[in-house]
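FYI, it's all coordinate maths here, none of it is from the lab. Everything numeric here is computed off the predicted structure, so don't read it as measured data. A quick note on method: Cβ atoms are made from the backbone with ideal geometry, for glycine too, and the neighbour counts reach across all protein chains shown.
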Amino acid sequence: MKKLILSLSLAILGSALLIAGGYKVGDKAADFKLENVDGNYVSLSDYSDASGFIVVFTCNGCPYAKAYQDRIMDLDKEYGPQGYPVIAINPNNTELKPDDDLKAMKKRAMDKGYTFPYLKDANYEVFKEYGATRTPHIYVLTKQESELVVSYIGAIDDNYQDASSVKEPYLANALDALLADKDPDPVFTKAIGCSIKQK
C-alpha cells in the first residue's frame, strides 16, 4: 500500500512539474480554441495555409507589452504573408487585472489597429501548457507534417525600450532561419517582461 501511495505521489508530482515546465524547443504543441476580441473563437487549425505561428502571450497594461505592441504588428505584417502569422493571447487573471478583460482587450485592439487575433485565455490553461511566465513571451511554432513543433522560445529582441537601438532581433532572426529551412540560433532566449498575473 505504501508503495502504491508513493508511486501515485511521484506520478502527481511529475505531472505538476511537467505542467510547470511547459514546452521546450522540439516539443509538439497542442492546438487551442480561444475567444477573440471580435467574438469569434480562433484555433491554430483555422490557418490551413500557415507554415507556422508566432504565439505571443501579452496583455494591455504591462509597460513591456506596450513597448512591443508596434513591433509585434510589424512582425505580423512582415512574416504573416510569409506563412507565420501572429496569434496574441492575454493570460492575465481579470480579477487581479480588470483592464485585461475582453472589453478592454477589444478597445486596445481597435485603438492600435491590431492586424492579428487577440485572444483571451479565459480558463488560464493555455499559458500554463506553454509554460509562459512573462508578457510578452514568444513561442514560434512550425508545421511539420500534421504536427506543430516549438522552434523558438523567448524574447522578441534585446531592447524593449528603443526599437531603433536593437542589436539582436532574436525573433526575426529565428523566423528568417526557419524560412530558409535552417534551425534558429539561438532557439531560446530569456523572456523579458511583466510576470503573468494569476492567483
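Considering every alpha-carbon pair of the chain, the percent of pairs per 5 Å bin, from zero through the bin containing the longest distance, is 1, 7, 16, 20, 21, 15, 9, 4, 3, 2, 1, 0, 0. Within straight-line reach of LYS190, meaning a Cα separation under 20 Å, sit the following aspartates and glutamates at least 8 residues removed in sequence or on another chain: ASP27, GLU129, ASP157, ASP158, ASP162, GLU168, ASP176. The label-point distance for LYS24 and LYS190, in a model that sets each label 7 Å from Cα toward Cβ, rounds to 2.0 nm. Under the criterion of Cα pairs below 8 Å and six or more residues apart, the relative contact order for the chain equals 27 percent. What the Cβ-Cβ distance of TYR124 and LYS103 gives, at R0 = 25 Å and to the nearest 0.05, is a FRET efficiency of 0.90.
Remark on the chain: CYS59 stand apart, with no other cysteine beta carbon under 4.7 Å. Among ASN90, ASN123, ASN60, whose mean-square fluctuation peaks in a Gaussian network model of the chain (Cα, cutoff 10 Å)? Comparing ASN90, ASN123, ASN60 in a Gaussian network model of the chain, the most mobile one is ASN123. Excluding the sites themselves, what is the longest stretch of the chain that contains no GluC sites (Glu not before Pro) in a DSSP loop with at most 15 other C-beta atoms within 10 Å? Longest site-free region, per DSSP loop and neighbour criteria: 1-94.
Available extension along the chain between LYS33 and ASP162 is 43.1 nm, counting 0.36 nm per residue and deducting the alpha carbon span. Over what distance in Å are the Cα centres of the stretch 141-179 and the stretch 18-48 separated? Using only Cα atoms, the two centres lie 17 Å from each other. Full extension of the segment from GLN198 to ASP70, taken as 0.36 nm per residue of separation minus the current Cα-Cα distance, would add 43.5 nm.
Listed by chain and number, the lysines whose C-alpha is less than 20 Å from the C-alpha of LYS199, apart from same-chain residues fewer than 8 away, are LYS97, LYS120, LYS128.
Restricting to the chain, what percent of DSSP beta bridges are antiparallel, rounded to 5?
Of those bridges, close to 70 percent are antiparallel.
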